[in-house]
Each structure stands twice: as structure tokens, then as C-alpha cells.
Amino acid sequence: MVRMSADERRESVIRAATSEFARGGYHGTSTEAIARRVGVSQPYLFRLFPGKKAIFLAATERCMEDTVRTFEEAAKGLEGEEALHAMANAYTRVIAEQPERLMMQMQMYVAVAAAEAEGDRAFGEAVRAGWMRLWDTAHLPLGADVNETTTFMAYGMLINCLVAMGFPPEHRVWEGLYPSARVKGRLEK
């Protein structure tokens, strides 16, 4: 059996943590469950990360990085409406094909509110910084138009909520969204 390096093991922890946190949220996920999914002991987990918060923030960072990369790759060489539809199509494909990423995003936002209610502003600052990277990544291809970027991001959050609530693609709630923002049925991909 080939041994993993610490960096490879950290990667496996981030992937496992994303899956666990996506389902259980920050407070509902134990480090024991993450360690078990990775196949390591909790003490080893804490040699890689100083604690649960660090693991959650690493998973948060990865989720945001992946979404930024999705937008960047989709909009490469495009501007305006072409960029908008390319980013929307790419994002709806991601959340249909990788629902854990969507659920991790939703858990991140809930975790910020809970942490700030407990007096932990640093947690929210990290998530807000990731959100601003998403904003900036969409902003330039959309012509650096604040209204276009706001509308695009608002549609994205609406899509997140509709998908998280389980509205099927054919439901009337999707009718008001521009076609590239509609989540396709699993058979339509």
C-alpha cells in the first residue's frame, strides 16, 4: 500500500470534511466522522489541522476556490451577456453534478450567522472574503456593472435555495429565471 504525503492526506481530509459538513453542518458534524471517512485517527486529523474550525474553514476555502475557478473558466474570453450565460450554465451544471458543493455553500452561510451570534467575527470574515472573490470574478466579465453583478449573484443565491429545497426542474418556480440559470433535470445534462 502506498503511503500518502501529509499534503495528500490534508486533501483527503478537505474532501471528506466537505461531504460531512455539507450534510451535517458545522455543529452537526463531528471530527470523528471526518476522521472515519478519511480512514485516520482523530489525533492524526489534529496533526493536519489544529481543530474543527480550521477543517471547516479549509473546506470553505476549497468550495469558494472551486466556484471561482468555475466562473473563471466559463467566462474566459467572454464579456457581457455571453459571459453571464456561460457562467450560469457552468454553475448550474456544477450544482446538478456536485450537490455537495451547493450544500457546503449553504452550510457556510448558516455557520457564519451561528458563529457571529457566538461572538466569532473571524469566521464570517473568512467566508465574506471568499464571497467577495466570487463577486469580483463575476464582476469583470459582466462589464464591471454593479447592477449586472448583483443580479447575477442574486440569481445564484436563488438557485442555491431552490435546489437546496428540492424544487424539481419542471416546477413553475423556475419559470422566471433566464434559461441558462435553470437547473436541468438529471436526464437533460
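Quick look at the numbers
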quantity	calculated
Ranking by accessible area, most exposed first, for Met87, Met4 with a 1.4 Å probe	Met4, Met87
Sequence of Ser30, Ser19 when ordered by accessible area, the most exposed leading, probe 1.4 angstrom	Ser30, Ser19
Accessible area of the chain belonging to carbon and sulfur atoms, whole % at 1.4 Å probe	55 percent
FRET efficiency estimate (nearest 0.05) - Cβ-Cβ, Glu65 to Val110, R0 22 angstrom	0.65
Accessible surface of Cys161 - all protein chains present, 1.4 Å probe, nearest 10 Å²	50 Å²
Radius, Kirkwood style, for the chain when every pair of distinct Cα atoms is counted (Å)	17.7 Å
Student exercise, segment 1-140 dipole from Lys, Arg, Asp, Glu Cβ charges, in Debye to nearest 20	700 debye
Segment Thr151-Gln42, length gained on full extension (0.36 nm per residue, minus Cα span)	34.9 nm
Net length gained if the chain between Ser5 and Ala122 were fully extended (0.36 nm per residue, minus Cα distance)	39.1 nm
Under Karplus coefficients 6.51, -1.76 and 1.60, residue-wise ³J(HN,Hα) of segment 45-59 in Hz, glycine/proline x	3, 7, 7, 7, 9, x, x, 4, 4, 5, 5, 4, 5, 5, 5
Point-to-point label distance, Leu78-Cys161, nm (Cα→Cβ direction, 7 Å offset)	2.5 nm
Heavy-atom accessible area ranking, 1.4 Å probe, most first, across Asp7, Asp136, Asp120	Asp7, Asp136, Asp120
Accessible area (Å², 1.4 Å probe, nearest 10) - Val110	90 Å²
For the chain: accessible area per residue (Å², 1.4 Å)	55 Å²
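The values are calculated or read from the model by the stated rules, or taken from the named source; none is laboratory data. Note that the structure is predicted; figures quoted are calculated from it, not measured. Glycine gets a Cβ as well: all are built from the backbone with ideal geometry, and neighbour counts include every protein chain shown. For the accessible areas, the whole protein counts, side chains as well, though only heavy atoms, and no ligand, DNA or RNA atoms are used. Shrake-Rupley method; radii C 1.70, N 1.55, O 1.52, S 1.80 Å.
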